[in-house]
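Some notes on the structure that comes next.
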């Protein structure tokens, strides 16, 4: 794995948990309880709070939606991508170099 990568081997090696440090914040975008306009407002607020677009490097588009109790909102990957696509488009316009981390369903 690349240096600084956090994965199964680094978790299971004795004494390794404290050595893997991520210094880049990940901004988790609320796709679960916000509608599209609320989520867009959240991304716009983030843009208003940073000094430069390069300050935001990682977006996570929700977290652990594969867990069964979230299926009421995202029963499959198509419904997830319908919610994620406009937010990715907006975030790309504001933060062109940021990586978008999508959840696998």
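Readers should treat all values here as calculations from the given coordinates under stated rules, not as data from a laboratory. Being a predicted model, the structure only gives us computed values, none of them experimental. Note: ideal-geometry Cβ built from the backbone for every residue, glycine included; neighbour counts use all protein chains shown.
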Check your understanding: Going by the conditions given, is residue 88 surrounded by 13 or more Cβ atoms within 10 Å (Cβ to Cβ) and closer than 23 Å to residue 23 by Cβ?
Key -> no
**Study point:** Complete set of residues in region 64-105 that are under 12 Å from residue 29 (Cβ atoms) and in a strand (DSSP E or B)
**Key:** 100, 101, 102
Exercise for review: Select from region 68-81 the residues that are surrounded by 12 or more Cβ atoms within 10 Å (Cβ to Cβ) and closer than 17 Å to residue 34 by Cα and list them in ascending order.
Suggested key: 70, 71, 73, 74, 79, 80, 81
Check your understanding: Does region 56-63 contain at least one residue that is loosely packed, with under 13 Cβ neighbours inside 10 Å and out of contact with any strand residue (DSSP E or B) (no Cβ under 6 Å at 6 or more places or on another chain)?
Key -> no
